[in-house]
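Chemist: Structure in structure tokens, see below.
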Amino acid sequence: MRTAIVAAMQEELAAVLALMPHEGKEVAAGREFFVGDLHGREVVVVLSRIGKVAAATTATLLVERFHVDEIVFTGVAGGLAPGVDVGHVVVADRFLQHDLDASPIFPRFEVPLYGTSTFACDAALTARVAAAAARALPGVHLHRGLVVSGDRFVATTGESRALQAALPAALAVEMEGTAFAQVCHDCGVPFAAVRTISDRADDMAHIDFATFIRDVASRHSAAVVRALLA
């Protein structure tokens, strides 16, 4: 069983790599893939880069070149739903692209030719990730549900409120998860994602984000990965 661990930010990648006793590096499509073991489990660790296209490239390489059996994404997101606050953790059940709109040919948010707007995460793997997060981060508030992705950093209160109005079920917003979910759906590879809330996707997001990445996100990512694979 080979597990891919994908991080959104370089700080998170470094924290996960620090857990590995040894690893080899392979370069593909300009990305560094670290292949090794963690707690006796074979892993591939890679930085996805930012945005849906970069994420899709990374996911495809993990499946086609590195032959991973499952993919786990760990990173940060902006909170959308009321009560999803900075420091909370969201485990995604499903993903949607909030900036996809092929209307009037297809309904808003629906992926053309798929007949759906959402891609579900793997139920068994998601349950494992949620359990790992609960063990690794006791006392941290844990949410499960819809996470939405788009190719922009949501950093204004107006845009955040518009997303909440259009997608009231959305717990959080980020930039890569839906691309991973769609590629894994197409390839039949289990996918799960856990996101720590770094900001509220509002006018203060750009300030909160940098502080949170430095002080909290790296520790959360490493702790969840360690609990998942231990």
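Chemist: Dipole size in debye (nearest 20) for the chain around its Cα centre, Lys and Arg Cβ +1, Asp and Glu Cβ -1?
Modeler: In total the dipole reaches around 340 debye.
Chemist: With contacts defined as alpha carbon pairs under 8 Å and 6 or more residues apart, what's the relative contact order of the chain in percent?
Modeler: After rounding, I find 29 percent.
Chemist: Ignoring everything except DSSP H segments at least 4 long, calculate the 222 nm mean residue ellipticity for the chain; use -39,500 (n - 2.57) per segment, divide by total residues, nearest 500.
Modeler: When only DSSP H runs of four or more count, the value is -10000 deg cm²/dmol.
Chemist: Another question, then. With unit charges on the beta carbons (Lys and Arg positive, Asp and Glu negative) and the dipole taken about the Cα centre of the range 2-229, which residue among G139, G36, A102 sits farthest to the positive side?
Modeler: Farthest along the dipole direction, towards plus: G139.
Chemist: So, one more: Measuring from the lowest to the highest alpha carbon on each principal axis, how far does the range 1-93 reach, largest first, in angstroms?
Modeler: 42, 29, 23
Chemist: Another one. What's the magnitude of the charge dipole for the range 1-95 around its Cα centre, counting Lys and Arg as +1 and Asp and Glu as -1 at the beta-carbon? Answer in Debye, nearest 20.
Modeler: My answer is approximately 260 debye.
Chemist: Stick to the Cα atoms of the chain, pair each with every other, and give me the Kirkwood hydrodynamic radius in Å at one decimal.
Modeler: Hydrodynamic radius (Kirkwood, Cα only) of the chain equals 17.4 Å.
Chemist: What size of dipole, in debye to the nearest 20, comes out for the range 110-230 about its Cα centre when the only charges are +1 on Lys and Arg C-beta atoms and -1 on Asp and Glu C-beta atoms?
Modeler: 540
Chemist: Report the equivalent ellipsoid semi-axes for the range 97-208 in whole Å, largest first, defined as the square roots of five times the eigenvalues of the gyration tensor built from alpha carbon atoms.
Modeler: Over the Cα atoms of the range 97-208, the ellipsoid semi-axes are 24, 22, 10 Å.
Bear in mind that the values in this text are calculations on the coordinates, not laboratory data. What you see is a predicted model, and the numbers here were worked out from it, not measured in a lab. So basically every Cβ, Gly included, is an ideal-geometry build from the backbone, and we count neighbours across all protein chains shown.
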